Amino acid sequence: MTTPSRRDLANAIRFLAIDAVQAANSGHPGMPMGMADIAEVLWNDYLNHSPNNPKWFNRDRFLLSNGHGSMLQYALLHLSGYALSIDDLKNFRQLESKTPGHPENFMTPGVETTTGPLGQGFANAVGFALAEKLLAQRFNRPEYEIVDHRTWVFMGDGCLMEGISHEAASLAGTWGLHKLVAFWDDNKISIDGNTDGWFTDDTPARFEAYGWRVIRGVEGHDPVEVKTAIDTALKYDDKPTLICCRTTIGHGSPNKAGKESSHGSPLGADEVVLTRRALNWAHEPFVLSQDIYDGWRANNAGLVREDQWSTLFDRYSQQHPQLADELTRRSHADLPDGFAQAADAYIAKLQAEGPNVASRKASQMAIETFAPLLPELIGGSADLAHSNLTLWTGSKSVTSDDPNANYIYYGVREFAMTAISNGLALHGGFIPYDATFLVFSDYARNAVRMSALMGAHAIHVYTHDSIGLGEDGPTHQPIEHLASLRYIPGNDVWRPCDAVESAAAWRAAIERKDGPSCLVFSRQTLAHQARDEAQVADIARGGYVLKDSSGEPETILIATGSEVGLAMQAAAQLGGNVRVVSMPSSDVFDRQPADYRESVLPNACRKRVAIEAGVTDFWRKYVGLDGAVIGIDTFGASAPIEALMPHFGFTVENVVQAANSLC
């Protein structure tokens, strides 16, 4: 048996990618062919991981931001010994396979994050690296480097063209994330052809300006140069590193190398034959010799590294038992003992005291109460901390060396902020929250969508939730945004009506582990609502009867947020046959059992009015075509709230008239 060369090991990646794309008749072979040599060096010589335990806490994190080249990652996982078989590779891009078209963290063992929307994987990587830095700051002790791993990210020209790369790279440099190493696949090809006509940035200078260390001019097909570059990156402990690798897309293909034709389409049967001949690859499709598998030695090395770390952690646990227990709890995403009871007590206290406050202030009060119980809670705002009210008395900037650093000043970077939150959540050990005005959720929305797709435990806080913000006018007044966020599958949107519902929303978001929550708060003061103990408990069900009718309801008013107070005032005028339903989260309400939903919104009562300062169509699923919706389907206007609300029909008289007009 011969010992395979590095080129042989890299060619195994190339041909697994070529063969899988060819079998699927769909995919992107060019990038895996171009980055195979870089990946081989990284995975065989540097990557600290354990294929038998893909969730080992102290593993290095590898992220493929240019996720269209997913077969590169699948080939690496298969060759390294992860639970990804050759049959899985043969099923590339097929229904319910473990090898989808773009890497998905919930489908494939060893995939850390879901990538595809270009640039977001890179921003996620910044979140991963920040998590490592802060956990090391919190838990490491002399002789016990318990948290000590790197984040490696591959990215292409498309990732760098996306604006999110600017936002995320700028923050990574500011934070000095020296354990973050990015490899730029500089092949000068995108789908439309040679990028000379649309991507002429001086990328190395750009990253140097961000505060990165840049290693230029690396020949991406020379393992010695790649290895030297990585060794250079590992010498420094003050900056993230960008390694600029000049590569040829479709490397090895006689007729398609260096061309866009290898980017997003199979090479074609004839070209596959020619490429096998050109690279002297004698194996049939999906067939590898044992010496190739033996050459991919990460499996055994990974077991040794994990074993060594486990032994170190056992000693650490004896020396620092409280820290070890906290790190274990946080890495398992368990909440502290007593959190639920403390949350119950706080919400009950709020209900008894009945404060009239803006829900954004109520949100800050909830953070102030819950954050001391949750050292894993880490938050920040996109340059709106004093408007979003995300700061609390225990906030400590992540730019400090404080072991309890927990606050992120993101600057005006809504998109990267949200994607970095996703990275923090996926890394583990943190529950991140981020914040901006609701209208600017548009900037962040694709990352919110990715939160939901990945099941990331991230909390997205949005304030200034309606035309009620007033004088800033229609550029800042959200209209369609609530509905837009609600339409994202798996995304829980909460719009609470007072301090009690705000606290309950925060609690629900903290306790939810399988996806994100959007908490939407008002600028203006909201009146406290009276409730009994059962009603307080039912807030967690997303919708509940806040004021019931005398006997079976003849009319139901459904409202959220600031409009709940309006519904309550209208109900007082309409008389005793009116029920008011507060619906802080329609997403959560819709998951309740049918009998509960029927008890709140009985099908027999068809006279229904929904009231919310947003687009109206969303509410038709609750009121039907025979009901009424008081909302806003135009842009807002610049004026004080006292003028805006009646101008757009949010008055008691209008609600009463709408209810009385129903047959």
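Points worth noting:
- Check on Thr248, buried (at least 18 other Cβ atoms within 10 Å of the Cβ) and more than 24 Å from Arg93 (Cβ to Cβ): yes
- Being open to solvent by 10 Å² or more (accessible area, probe 1.4 Å), assigned to a loop (DSSP other than H, G, I, E, B), under 20 Å from Leu288 (Cα atoms) and in contact with a Gly (Cβ under 7 Å, 6 or more places away or on another chain) is a condition met by no residue of the range 13-31.
- Test: Leu16 is in contact with a Cys (Cβ under 7 Å, 6 or more places away or on another chain) and aliphatic (A, V, I, L, M): no
- Of all residues in the range 334-359, exactly one satisfies the criterion of being of a type in the set (Gly, Ala, Ser), open to solvent by 50 Å² or more (accessible area, probe 1.4 Å) and touching a residue at least 24 places away in the same chain (Cβ under 8 Å), namely Ala348.
- Residue match in the range 41-62 (condition: within 28 Å of His149 (Cα to Cα) and without any contact (Cβ under 8 Å) to a residue 24 or more places away in the chain): yes
- Verdict on Gly121 being at pLDDT 95 or above, crowded, with 24+ Cβ neighbours inside 10 Å and touching a Leu at 6+ places or on another chain (Cβ under 7 Å): yes
- Answer residue from the range 401-440, given it is β-branched (Val, Ile, Thr) and under 15 Å from the mean Cα position of the chain (by Cα) and is surrounded by the most Cβ atoms within 10 Å (Cβ to Cβ) among those: Ile420
- Counted residues, the range 543-579 - those being in contact (Cβ under 8 Å) with a residue 60 or more places away in the chain, touching an Asp or Glu at 6+ places or on another chain (Cβ under 9 Å) and either buried (at least 24 other Cβ atoms within 10 Å of the Cβ) or of a type in the set (Gly, Ala, Ser) (or both): 10
- Residues of the range 309-328 that are part of a helix (DSSP H, G or I) and more than 18 Å from Glu132 (Cβ to Cβ): Ser310, Thr311, Asp314, Arg315, Ser317, Gln318, Gln319, Pro321, Gln322, Asp325.
- Complete set of residues in the range 516-537 that are buried (at least 20 other Cβ atoms within 10 Å of the Cβ), out of contact with any Pro (no Cβ under 8 Å at 6 or more places or on another chain) and outside any strand (DSSP E or B): Pro516, Ser522, Arg523, Gln529, Arg531
- Criterion (closer than 29 Å to Lys513 by Cβ and either at pLDDT 95 or above or open to solvent by less than 40 Å² (accessible area, probe 1.4 Å) (or both)) met by exactly one of Leu288, Leu312, Leu279, Leu267: Leu312
- Per-region count, the range 455-484, residues of a type in the set (A, V, I, L, M) and surrounded by fewer than 22 Cβ atoms within 10 Å (Cβ to Cβ): 2
- Qualifying residues in the range 315-330 (those that are touching a Lys or Arg at 6+ places or on another chain (Cβ under 9 Å) and not hydrophobic (A, V, I, L, M, F, W, C)) - the one least open to solvent (accessible area, probe 1.4 Å): Tyr316
- Matching residues in the range 78-94 - criterion: being free of Cβ contacts under 8 Å to residues at least 60 places away in the same chain and touching a helix residue (DSSP H, G or I) at 6+ places or on another chain (Cβ under 9 Å): Tyr82, Ala83, Leu84, Ser85, Asp88, Asn91
- Among the candidates Val181, Val224, Val218, residue that is more than 16 Å from Ala169 (Cβ to Cβ) and either crowded, with 20+ Cβ neighbours inside 10 Å or in contact (Cβ under 8 Å) with a residue 40 or more places away in the chain (or both): Val218
- Unique residue being farther than 20 Å from Arg486 by Cα, in contact with a Gly (Cβ under 9 Å, 6 or more places away or on another chain) and free of Cβ contacts under 8 Å to residues at least 60 places away in the same chain when the list is Arg620, Arg606, Arg591: Arg606
- Taking every residue in the range 498-515 that is within 19 Å of Arg330 (Cβ to Cβ) and in a helix (DSSP H, G or I) and pairing it with any residue that is open to solvent by less than 30 Å² (accessible area, probe 1.4 Å) and among the hydroxyl-bearing types (Ser, Thr, Tyr), at least 6 positions away or on another chain, the pairs with Cβ-Cβ distances below 6 Å are Ala509/Ser517.
- Members of the range 580-609 found to be crowded, with 24+ Cβ neighbours inside 10 Å and in contact with a Leu (Cβ under 8 Å, 6 or more places away or on another chain), listed by number: Val580, Val581, Ser582, Val609
- The condition of being in contact with an Asp or Glu (Cβ under 8 Å, 6 or more places away or on another chain) and not basic (Lys, Arg) holds for Ser522.
- Residues of the range 640-663 that turn out to be open to solvent by 70 Å² or more (accessible area, probe 1.4 Å) and among the hydroxyl-bearing types (Ser, Thr, Tyr), as a count: 1
Per-residue answers, yes or no, for (1) hydrophobic (A, V, I, L, M, F, W, C); (2) open to solvent by 10 Å² or more (accessible area, probe 1.4 Å); (3) more than 17 Å from Ser262 (Cβ to Cβ):
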{"site": "Gly34", "(1), (2), (3)": "no, no, no"}
{"site": "Glu40", "(1), (2), (3)": "no, no, yes"}
{"site": "Asn48", "(1), (2), (3)": "no, yes, yes"}
{"site": "Phe57", "(1), (2), (3)": "yes, yes, yes"}
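- Scanning the range 518-532 for residues that are over 15 Å from Val461 (Cα atoms), of a type in the set (D, E, K, R) and free of Cβ contacts under 8 Å to residues at least 12 places away in the same chain turns up at least one hit.
- In the set Ala637, Ala613, only one residue is part of a loop (DSSP other than H, G, I, E, B), open to solvent by 10 Å² or more (accessible area, probe 1.4 Å) and touching a helix residue (DSSP H, G or I) at 6+ places or on another chain (Cβ under 7 Å); that residue is Ala637.
- Close pairs (6 angstrom Cβ cut-off, 6 or more residues apart or separate chains): without any contact (Cβ under 8 Å) to a residue 24 or more places away in the chain in the range 390-419, open to solvent by 40 Å² or more (accessible area, probe 1.4 Å) anywhere: Lys396/Asp402; Lys396/Asn404
- Boolean, Glu145 is open to solvent by 70 Å² or more (accessible area, probe 1.4 Å) and in contact with a strand residue (DSSP E or B) (Cβ under 6 Å, 6 or more places away or on another chain): no
The values are calculated or read from the model by the stated rules, or taken from the named source; none is laboratory data. Quick caveat, the model's predicted, so the values are computed rather than measured. Virtual Cβ from ideal backbone geometry, glycine too; neighbours counted across all protein chains shown. Ligands, DNA and RNA are excluded from the accessible area calculation, which covers all protein heavy atoms including side chains. Shrake-Rupley method; radii C 1.70, N 1.55, O 1.52, S 1.80 Å.
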